[in-house]
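Have a look at the structure below, then the notes.
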Amino acid sequence: MIEQIQSVLTNWDAMLPVLPQLVVSGIAIGMLYALIALSMTILYRATTVVNFGHGDLVMLGAYALFILMPMVTFNIAVESSALGLLASFVPPFLVALILSLFVLFAMGYIIHRVFIWPILKGPHLSLALMAIAIGYAVRGVIRKEYGKEVLQMPRPFPEQEFEVFNWGGIGTYMTLDEMIFCGVVIVMLLVSYIVFSKTRFGQIVQAMFQTQRGSSLVGINVMHYNNLIWGVGCSLGALGGVMLGLALALDPDVGVWTLLRGFAAMTLGGFGSLYGAVIGGLIIGILEKVLGVFISTAFIEITCYLVIILVLLIRPKGLFGQHATLRI
Amino acid sequence: MKLNRSIFWIFPLLVLALPLVLNQYLQYVVNLILVYILVGVGFNIVVGNLGQLAFSNVAFFGIGAYASGILTTQLGMPWWLTVIPAGLCGALAGCAASIPALRGVRLFYLAIMTLAFGELMRWLYIRTPGLTGGSMGLTVPEPAVFGWMLTTEYHKFYVFLFIVVVVVIATSRLLESRIGRAFLAIKNDENAAAAMGIPTGQYFLLAFALSGFVVGIGGSMYAALVGHLSPEDFDLIQVILHFAIIMVGGLGSLIGSILGSILITATPEVIRHFEWLVGSEEWIFGVSIIVVILFLPRGLSSLLAKVNSIFKDRYYRN
Amino acid sequence: MALLTVTNATVQFGGLIAVNQVSFGAEPGKVRALIGPNGAGKTTLFKAIAGEEQLASGTIHFQDQAIHTLTPHEISARGIRRTFQTGGLFGELTALENVLTGLHTQIPSSFGGLLANTRSAKAVEKAATKKALKLLDLMGIAHVAEQWARDLSGGQKRMVEIVRALATDPPLLLLDEPAVGLAPPVRLELMNIIRRLVDEENIGVILIEHAIEFVMTVSDTIMVLNNGEVIAEGAPEEIRQNKDVLEAYLGR
């Protein structure tokens, strides 16, 4: 480790111009972590349940799009159908995306209503295991049906790369995908900020986070709102999954990988903080890339584990997890 | 027929005769069940008795297995001499895993942290090929006991059975004593436990170390059983398996751990017999856990207790 | 000799001073009651004595030894036992096991002895069980010994908690609202038990209570707290007539 740091220091001049590229790609992948952490945070804030099966639902989002895509394109061929009519105005990828988000919304709604709500007052262990088991079952189905071959995620547009800026002859590049990812995540962050702080829905969710029992006493249908929040959380996660599928690949086993990065982002940012989750995701994305190149490739894998362990040992409330920020 | 406590003696004696009726493959499955009995019993100490949501069990399991494997391959020790060191390595990992709990990390935070610990260990198995064989895995020589080679599954069975009986009886004695009561007291109310003069920190450490020890021994047996360790053996699927064992069996119940490990280990082998089900193990497994949590939240041991009160487990609470 | 001496005890939560410069003593064979409106700092003071809260300043001595730097289990082992306002029982343990947990520090079985199941380990456990059953019998609740604590009635729970706290014959007992939620006849019974303990066993009792008649009947001395400060102290009759106390309670 020390030798590596020394070599970094001696080669500083050569390494430094690479740094912007690393930071930019770190931000791009960090945005995805941020979106997944954001969806988990929304779930946690409303229902105070940490969904240990979230990674697999994120994965399912990508597969849902993959499965729906041929159906949408088929319907476009049959122009008389309603879907075909819609698809003549909107690109099929977008139609499939929206449909898959709806599917995952329904999944989240049903999962909470049928599996989580009945045991919500039970021991935490049952809740954790239930979430894990749901994720495991989802993965099992996907693996059985689509796990045998390597599948290509449908692309909405060809891959393109742009030079963002140039420093000493070494350019910093960003792909079109990455730009769109960043844009989507920023929009989603703004939307959820507005929904949670400005609308009545957000106030109700806030009240439920404080006390579910109290909320039900003042006439809030807690179950209904929890169902909705699980739907929203899952479809946001699915959006992250689709982007993850585009950035990496379709892989039924990506669940744990995703889950731990989402956890790391949440832990670093502070559990329950919306912008904490986003900033945590970005920091972890950048750390992975920078440490991976500058110190050891091992850090690409273990940054998130180390972040979780260190943050919980040293500062369990994370960067923004104070009580004040719990009520953005 | 009226059941009485003597079945707890008759049953293991009947088990002794198993090799007479089983073929090598079925004997292997039974041996695997014995391994998972220790995994379940050890895991239950932390989760069922101490009541902590810790996922570190897979790490203990892996560390025990690799400790045994490394000691036999690198130092040429006979397998039977590595069983206790493997348990001690597991106990050491248990002490490490208890640090966050001692620092006040609880519930989901503890779960996430111990999950990260397990994944970090798995990464370590891959990244230290000099010791662990890396992602290629580590081939463990045939286990030896006092110079005898355990060449067949039948030989392994008797050795494993001996270890399991000793460890389970020892664990049950500890859990029946003031130590077990202190664990349950901490699970129920940490402040009140401290007000009874129970040094809660020490008991956290003890529970994690004990759990690590028992599971570490299980890991050592696993190494001897499968003969080849690879990092994928200790991934998140194992976490689910371990949880399923104690959840299906019954939290905090010794009998439950045994029942759970029999059922959970045998199910995939049964599925393998039906061709149209092959490949469906995962989702069937997931769905069955969901069904158990929803409809049998106290596990199988609660069903057995209803059948006959002698199955009422003294440590079974939920 | 004073059993417990609290000198200028102050407990702070951030900027909030929950207990401010409180001094008092507790003697064996006497009941001292702490009363005061909600948020007066009574339970915080209890927690400070039991070691669950740190003192910002001041000292607490028990049998002439400083205990304010000790951890809760060390203080408990020295002989200060407490009951809890709500839910102090271990619900998943039986009543008997709850009392056995109370005896934890007096069951000296060693780790090795337990593993080998030696005769002495068995004898120690057996003796403790016998003692616990006897104590439950003394309080007239031996018939619930094998029931899970969470299935007991409110009165039985309170009795088990007191038995559990008394199991080690502690010189000082802290009772946090022992009478809350109890039916009048059970209250009377509890009152008699406390008096009997104090008069016959010569233990010291400090109790927090809102039920004013209960306090007036059972205590020897009453101390009134308001906003973390002692505003009155004296025999029940004096307190009944004290103007400051009436003001603090009625807010005049």
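Treating only the Cβ atoms of Lys and Arg (+1) and Asp and Glu (-1) as charged, compute the dipole magnitude of the stretch B:23-233 about its Cα centre; round to the nearest 20 debye.
Values: 9 positive and 8 negative charges, 78 e Å.
The dipole magnitude comes to about 380 debye.
Go ahead and run the numbers for FRET between B:Trp9 and B:Leu294, Cβ-Cβ distance against an R0 of 45 Å, rounding to 0.05.
Working: r = 36 Å, r/R0 = 0.80.
With a Förster radius of 45 Å, E is 0.80.
For C:Lys122, which aspartates and glutamates qualify as cross-link partners when the Cα separation must be under 14 Å and same-chain residues fewer than eight apart are set aside?
B:Glu176
Listed here are the pairs B:Lys306/C:Lys126; B:Lys306/C:Lys134; A:Lys121/B:Lys187; which of them are more than 20 Å apart at the Cα?
Working: B:Lys306/C:Lys126 28 Å; B:Lys306/C:Lys134 31 Å; A:Lys121/B:Lys187 17 Å.
Among B:Lys306/C:Lys126; B:Lys306/C:Lys134; A:Lys121/B:Lys187, the Cα-Cα distance tops 20 Å for B:Lys306/C:Lys126; B:Lys306/C:Lys134.
Can you list the residues of the stretch C:14-58 with backbone N under 17 Å from a point 7 Å past the Cα of C:Glu201, pointing along Cα to Cβ?
Under 17 Å, as judged by backbone N against the label point of C:Glu201, lie C:27-32 of the stretch C:14-58.
Thinking of the stretch C:95-151 as a set of Cα atoms, what percent of all their pairs are more than 16 Å apart?
Details: 732 of 1596 pairs.
Roughly 46 percent, rounded to a whole number.
What percent does the relative contact order of chain C come to when contacts are Cα pairs within less than 8 Å and at least six residues apart?
Values: 467 pairs, mean separation 70.5, N = 252.
Dividing the mean separation by the residue count of chain C yields 28 percent.
In degrees from 0 to 90, rounded to the nearest 10, what is the angle of the helix C:119-138 Cα long axis to the longest principal axis of chain C?
50
For chain C, with equal point scatterers placed on the C-alpha atoms only and solvent neglected, what are the log10 I(q)/I(0) values from the Debye formula at q = 0.09, 0.11 1/Å, to two decimals?
Values returned for q = 0.09, 0.11 Å⁻¹ are -0.41, -0.61.
Going by C-beta contacts inside 10 Å, put B:Trp79, B:Trp283, B:Trp148 in order with the fewest on the left. Write out the running numbers ahead of the final one.
Values: B:Trp79 25, B:Trp283 19, B:Trp148 12.
Ranking B:Trp79, B:Trp283, B:Trp148 by Cβ neighbours within 10 Å, fewest first, gives B:Trp148, B:Trp283, B:Trp79.
Using helices alone, I'd like the mean residue ellipticity at 222 nm for the protein assembly as shown: each DSSP H run of four-plus residues gives -39500 (n - 2.57), total over residue count, nearest 500. Mind showing how you got there, number by number?
Values: 39 runs with 561 residues, N = 898.
Computed mean residue ellipticity for the protein assembly as shown: -20500 deg cm²/dmol.
With an 8 Å Cα cut-off and a minimum separation of 6 or more residues, compute the relative contact order for chain B in percent. Let's see the in-between values first.
Values: 506 pairs, mean separation 98.3, N = 318.
Reported as a whole number, the value is 31 percent.
What is the set of long-range amide H partners of C:Val19 at a cut-off below 5 Å, with H atoms built 1.01 Å from backbone N?
Answer set, sorted by chain and number: C:Val11.
For A:Arg200 and B:Ala266, what is the calculated FRET efficiency with R₀ set at 41 Å and r taken between the beta-carbons, to the nearest 0.05? Write out the running numbers ahead of the final one.
On the way: r = 53 Å, r/R0 = 1.30.
It comes out at approximately 0.15.
Using label points projected 7 Å from each Cα along Cα→Cβ, tell me how many nm separate A:Ile180 and C:His61, to one decimal.
Rounded to a tenth, the inter-label distance reads 7.8 nm.
Sticking to Cα atoms, compute the Rg of the stretch B:116-209 to one decimal and its Dmax as the biggest Cα-Cα distance, whole number, in Å.
20.1, 54
How big is the gap, in Å, between the Cα center of the stretch C:1-75 and the Cα center of the stretch A:32-71?
Distance between centres, Cα-based: 51 Å.
Return the whole-Å distance between the Cα centroid of the stretch C:223-252 and the Cα centroid of the stretch C:125-203.
The distance from the Cα centre of the stretch C:223-252 to that of the stretch C:125-203 comes to 30 Å.
I'd like the per residue volume of the convex hull spanned by the Cα atoms of the stretch B:243-288, given in cubic angstrom.
54
Ordered by residue, what ³J(HN,Hα) values in Hz, to whole numbers, does the stretch B:212-228 give under the Karplus form 6.51 cos²θ - 1.76 cosθ + 1.60, where θ = phi - 60° and Gly and Pro are x?
So the Karplus estimates, Gly and Pro as x, are x, 5, 4, 5, x, 4, x, x, 4, 5, 4, 4, 5, 6, 8, x, 8 Hz.
Please express the Cα-Cα pair-distance distribution P(r) of the stretch B:23-233 as a list of whole percents, one per 5 Å bin, running from 0 to the bin with the greatest distance.
Pair shares across the bins are 1, 8, 16, 19, 18, 15, 11, 7, 4, 2, 0, 0.
Counting GluC sites (Glu not before Pro) as exposed when in a DSSP loop with at most 15 other beta carbons within 10 Å, what is the longest stretch of chain A free of them? If you can, show how the numbers build up before the last one.
On the way: sites that count: A:Glu79, A:Glu149, A:Glu159.
Here the longest run is A:160-328.
Which FRET efficiency, nearest 0.05, do C:Leu138 and C:Thr86 yield, Cβ-Cβ r, R0 30 Å?
On the way: r = 25 Å, r/R0 = 0.83.
According to the calculation, E is roughly 0.75.
Once the dipole of the stretch C:212-252 is set up with Lys and Arg at +1 and Asp and Glu at -1 on Cβ about the Cα centre, which of C:Val224, C:Gly234, C:Leu246 lies farthest towards its positive end?
My answer, from the dipole projection, is C:Leu246.
Of the options C:Gln65, B:Trp79, A:Thr211, report the single residue whose Cα projects farthest towards the positive end of the charge dipole of the protein assembly as shown (beta-carbon charges: Lys, Arg +1; Asp, Glu -1).
Result: C:Gln65, furthest along the dipole toward the positive end.
Enter the Cα centre distance for the pair the stretch B:239-284 and the stretch B:12-33, rounded to the nearest angstrom.
Distance between centres, Cα-based: 18 Å.
Which of B:Ile163, B:Pro297, B:Gly118 sits farthest toward the positive end of the charge dipole of chain B, with +1 on the Cβ of Lys and Arg and -1 on the Cβ of Asp and Glu?
With unit charges placed on the Cβ atoms, the residue in question is B:Pro297.
Compare the peptides B:24-33, B:92-101 by average per-residue count of other Cβ atoms within 10 angstrom and give them in order, highest first. Before the final figure, lay out each step's value.
On the way: B:24-33: 17.3, B:92-101: 22.3.
Output ranking for B:24-33, B:92-101: B:92-101, B:24-33.
For the stretch C:95-151, with only Lys/Arg (+1) and Asp/Glu (-1) charged at the beta-carbon, what is the dipole magnitude about the Cα centre, in debye rounded to 20?
Values: 7 positive and 5 negative charges, 54 e Å.
My answer is approximately 260 debye.
Of all the C-alpha pairs in the stretch A:95-149, what % are more than 12 Å from each other?
72
Which residues among the stretch B:70-85 fall inside the zone where the amide N is under 18 Å from a point 7 Å beyond the Cα of B:Phe162, along Cα→Cβ?
B:78-85
Any idea what the dipole of the protein assembly as shown comes to, in debye rounded to 20, about its Cα centre with Lys/Arg Cβ at +1 and Asp/Glu Cβ at -1? Each step should come with its number before you reach the end.
Values: 56 positive and 57 negative charges, 363 e Å.
In total the dipole reaches around 1740 debye.
Based on DSSP, what percent of beta bridges with both residues in the protein assembly as shown are antiparallel, to the nearest 5?
Once the DSSP bridges in the protein assembly as shown are tallied, antiparallel ones form about 65 percent.
Can you give the average number of partner chain beta-carbon atoms within 10 Å of each beta-carbon in peptide B:116-122, as a whole number?
Details: counts 13, 3, 1, 8, 7, 1, 2.
Per-residue shielding by partner chains comes out at 5.
Can you pull the mean other chain C-beta count within 10 Å for peptide A:256-268?
Numbers: counts 6, 2, 0, 3, 5, 0, 1, 7, 2, 0, 1, 4, 0.
Mean partner shielding for this stretch: 2.
Using a 10 Å cut-off on Cβ to Cβ distances, tally the other chain neighbours for every residue of C:66-73 and report the average as a whole number. Can you show the working numbers first?
Values: counts 0, 0, 0, 0, 0, 4, 11, 11.
Averaged over the peptide's residues, the number is 3.
Taking H placed 1.01 Å from N in the peptide plane, check which residues at least 5 places from A:Val164 or on another chain put their amide H under 5 Å from its amide H.
A:Thr172, A:Tyr173, A:Met174
As a footprinting exposure proxy, order B:Val239, B:Val105, A:Val164 by other Cβ within 10 Å, with the fewest listed first. Could you put the intermediate results ahead of the total?
On the way: B:Val239 27, B:Val105 20, A:Val164 14.
Result, fewest neighbours first: A:Val164, B:Val105, B:Val239.
With no solvent and one equal point scatterer per Cα, compute the Debye intensity ratio I(q)/I(0) for the protein assembly as shown at 0.04, 0.06 Å⁻¹ and report its log10, rounded to two decimals.
Those come out to -0.22, -0.50, one per q.
Based on the alpha carbons, how large is the Rg to Rh ratio for the stretch C:164-251 when Rh follows Kirkwood? Write out the running numbers ahead of the final one.
Numbers: Rg = 13.9 Å, Rh = 14.1 Å.
Here Rg/Rh amounts to 0.98.
Between A:Met15 and A:Tyr146, what length in nm is gained on full extension when 0.36 nm per residue of separation is reduced by their alpha carbon distance?
Working: separation 131, 0.36 × 131 = 47.16 nm, distance 4.19 nm.
Using 0.36 nm per residue and subtracting the Cα-Cα distance, I get 43.0 nm.
Would you kindly compute the Cα radius of gyration of the stretch A:2-327 and its largest Cα-Cα separation (Dmax), both in Å?
Final numbers for Rg and Dmax: 20.8, 68 Å.
Values quoted throughout were computed directly from the atomic coordinates according to the rules given, and no laboratory measurement underlies them. Keep in mind that this is a model prediction, so the values were computed, not measured. Note: ideal-geometry Cβ built from the backbone for every residue, glycine included; neighbour counts use all protein chains shown.
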